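Quick notes on the structure that follows.
Where a number appears in this text, it was derived from the coordinates with a stated rule and is not lab data. It should be emphasised that the depicted structure is a prediction, and the values quoted were computed from it without experimental measurement. Ideal geometry is used to build each Cβ from the backbone, glycine not excepted, and the neighbour counts take in all protein chains shown.
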Amino acid sequence: MAITQNDLRKAATRNIFAKNQQSKTYLQKTGFLCHSHKDRELALGVQQWLMEHGMHLYIDWQDTSMPESPDATTAARIRKIIQGADVFLFLATNDSMLSRWCPWELGFADGVKRNEQIAVIATSDASGRYYGNEYLQLYRRIDQTTAGGSLSWYQRGSYTPQALANF
């Protein structure tokens, strides 16, 4: 089952800013979110949902040190953040699948992270179209256990949910 983009939009409306004030040391893990900038609302939903599970999720357009227009500095900063994050998460949507940056980021992460540090967040849109199956056999995945339910992670090729806290 994929996470519905509608559920991510709902999560984005929860009080992310108040919860962002929590100390990062309180949060258990850090993650880098690979996504299309066209999916800002979905990215915020993922960020909120994972923050509720104790993970600080880096989103590049929230980083004030990033240049306005992507350049070599952007790539260097992204490399550094990916290397320093505990996990790398790929938000699979139509736009991320068409992006020029997302496959580059995923390829870089694949070269510097252990396989168990990479996960795909597959989504489905309002028409039921599913995104992410191109990568699901290669990496772990984060998914809902039931429609509208809590998040879990799954080993490559497994259908047995694991607690997100143990990711």
Provide the FRET efficiency to the nearest 0.05 for the ASP86-LYS38 pair, computing r from the beta carbons and using R0 = 22 Å. 0.25
Bins of 5 Å, beginning at zero and ending with the bin holding the largest distance: percent of Cα pairs per bin for the stretch 3-166, please. 2, 9, 19, 24, 23, 15, 7, 2, 0
Place the peptides 41-47, 105-111 in order of packing, highest mean first, counting for every residue the other Cβ atoms within 10 Å and averaging per peptide. 41-47, 105-111
Please name whichever of TRP104, THR30, THR93 sits farthest to the positive end of the charge dipole of the stretch 1-144, dipole taken about the Cα centre and charges placed at Cβ: Lys and Arg +1, Asp and Glu -1. THR30
Env charge @ SER65, Cβ radius under 15 Å, K,R +1 / D,E -1, value -1
Expressed as a whole-number percentage, the relative contact order of the chain with C-alpha contacts under 8 angstrom and at least six residues apart is 24
Estimated vicinal HN-Hα couplings, Hz - the stretch 87-102 in sequence order (Karplus 6.51, -1.76, 1.60; Gly, Pro = x): 9, 10, 10, 9, 7, 8, 9, 4, 5, 5, 5, 9, 5, 7, 7, 4
Subtracting the Cα-Cα distance from 0.36 nm times the residue separation, let me have the gained length for ARG114 to GLU68 in nm, one decimal. 13.4 nm
